Amino acid sequence: MNLIQNILYDMFYHSTPLILAVLGGLFAHKAGVLNIGLEGMMLMGAFASALTVMLTGSLWLALLVSVLLTLLLGLIFSYFSVTLKSNFIITGFGINLFVAALSAFVLKFMQLANINVSSVVNVAGLKIRIPLIADIPFVGNIISGHTAITYTGFVLILVTSIVLYNTRFGVYVRVVGENEEAAKSVGIHVEAIKYAAVLIGAALCALAGMELSVERMALFTNNMTAGRGFIAIAAIYCGRGEPLRCALYALLFGLAKSLAINLALFAGPVSQLFEIVPYLTIVVALLMVSVLQNRNNTVRGFKLE
């Protein structure tokens, strides 16, 4: 593949875990819950899946364990933030710190610098060649050859839109997020909806973590999520809670990450500087969205006067 094909292929590659986290965070966002714990849930998914593969050699068991443990985190987060009405931010940061400390402790206890499962997982073998599409010049090399979770993530963009806007559950989630009292008045169990929204996000974060550690690298290292959970929250804010818009911001991060990695190959001694490009891109995007929103609010204020 030439440079442009590499950049576009890697864009999908790097945006997948972020898209999954964004879609998961969207449900909580629509239900009026700020899930700061997305970072910790992704890290748990990455850690649990890699550790399970190392101990059992089973990818399916790794998926099950990672989902169950992130669901447990989701329950803990929901219990404190929804049932006990604790601060979302403090509770979420508690989840993040707990998972980071737990994974570091387990690695230290097992006397491992990281969890390397490359002897068990054939990363190249997990990539799926799509018939017909793979044979299309230029496009085939970009769209074909990704993993199952990658394709699942992009399909879930459409599924999330349908669930949120065309199902009774989606209506309940949005009503709860917009007006809890109105939701209670029509018999909606507000706490149950919030719990469900957070747990859906936790399950998707488990997929994101497994894609990041097992499917992509066959390796887990401490804090390997590198702030992606917070970037997912930024993407939700920039996309104003709309699945497609939020996913596009996730793709923007993936494109920035891809550019940084591919261009760093030609940068020589200063290649490490390109690591800041994806994060700088999100900061700039947040700034631009905030400026545009403030400008629109100002214009509307003048019109009302």
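A few comments on the model shown:
- Figure legend. Inter-residue proximity from the stretch 140-159: first residues touching a residue at least 40 places away in the same chain (Cβ under 8 Å), second residues polar (S, T, N, Q), beta-carbon distance below 7 Å, spacing 6+ or different chains. Indicated pairs: Asn141/Gln5; Ile142/Gln5; Ile149/Thr16; Thr150/Thr16; Gly153/Thr16.
The rows are residues; the columns are (1) among the acidic types (Asp, Glu); (2) farther than 25 Å from Val190 by Cα; (3) surrounded by fewer than 24 Cβ atoms within 10 Å (Cβ to Cβ).
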position	(1), (2), (3)
Ile7	no, yes, yes
Met11	no, yes, yes
Leu18	no, yes, no
Gly24	no, no, no
Leu43	no, yes, no
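- So Leu69, is it at pLDDT 95 or above and either crowded, with 24+ Cβ neighbours inside 10 Å or not in a loop (DSSP other than H, G, I, E, B) (or both): yes
Residues checked against (1) surrounded by 23 or more Cβ atoms within 10 Å (Cβ to Cβ); (2) touching a Cys at 6+ places or on another chain (Cβ under 9 Å):
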site: Val186; (1), (2): no, no
site: Val198; (1), (2): yes, no
site: Ala202; (1), (2): yes, no
site: Leu219; (1), (2): no, no
site: Asn223; (1), (2): no, no
site: Arg240; (1), (2): no, yes
site: Leu252; (1), (2): no, yes
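- Considering the stretch 266-281, and only residues there that are within 19 Å of Gly254 (Cβ to Cβ) and among the aliphatic types (A, V, I, L, M), the residue that is modelled with the highest pLDDT turns out to be Leu280.
- Of Ile142, Ile149, Ile130, all but one fail to be more than 19 Å from the chain's Cα centre (by Cα), closer than 21 Å to Thr16 by Cα and surrounded by 18 or more Cβ atoms within 10 Å (Cβ to Cβ); the exception is Ile142.
- Tally, over the stretch 108-118, of residues that are hydroxyl-bearing (Ser, Thr, Tyr) and assigned to a helix (DSSP H, G or I): 0
So that you can scan it fast, the table gives a plain yes or no per residue for (1) free of Cβ contacts under 8 Å to residues at least 24 places away in the same chain; (2) more than 28 Å from Val175 (Cβ to Cβ); (3) outside any helix (DSSP H, G or I):
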| site | (1), (2), (3) |
| --- | --- |
| Ile36 | no, no, yes |
| Ala62 | no, yes, no |
| Val65 | yes, yes, no |
| Ile76 | yes, no, no |
| Ser86 | yes, no, yes |
| Phe93 | no, yes, no |
| Leu97 | no, yes, no |
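- Some residue of the stretch 186-195 being at pLDDT 90 or above, under 15 Å from the mean Cα position of the chain (by Cα), of a type in the set (Gly, Ala, Ser) and part of a helix (DSSP H, G or I): no
- Enumeration of residues in the stretch 9-34 that are part of a helix (DSSP H, G or I) and touching a Lys or Arg at 6+ places or on another chain (Cβ under 9 Å): Asp10, Met11, Tyr13, His14, Ser15, Thr16, Pro17, Leu18, Ala21, Ala28, Lys30
- Matching entry among Phe154, Phe105 (being of a type in the set (Phe, Trp, Tyr), surrounded by 14 or more Cβ atoms within 10 Å (Cβ to Cβ) and in a helix (DSSP H, G or I)): Phe154
- Test for Met217: is it part of a loop (DSSP other than H, G, I, E, B) and closer than 24 Å to Leu68 by Cα: yes
The values are calculated or read from the model by the stated rules, or taken from the named source; none is laboratory data. Owing to the predicted nature of the structure, the values given are computational and were not obtained by experimental measurement. Cβ atoms come from the backbone with ideal geometry, glycine included; neighbour counts cover every protein chain shown.
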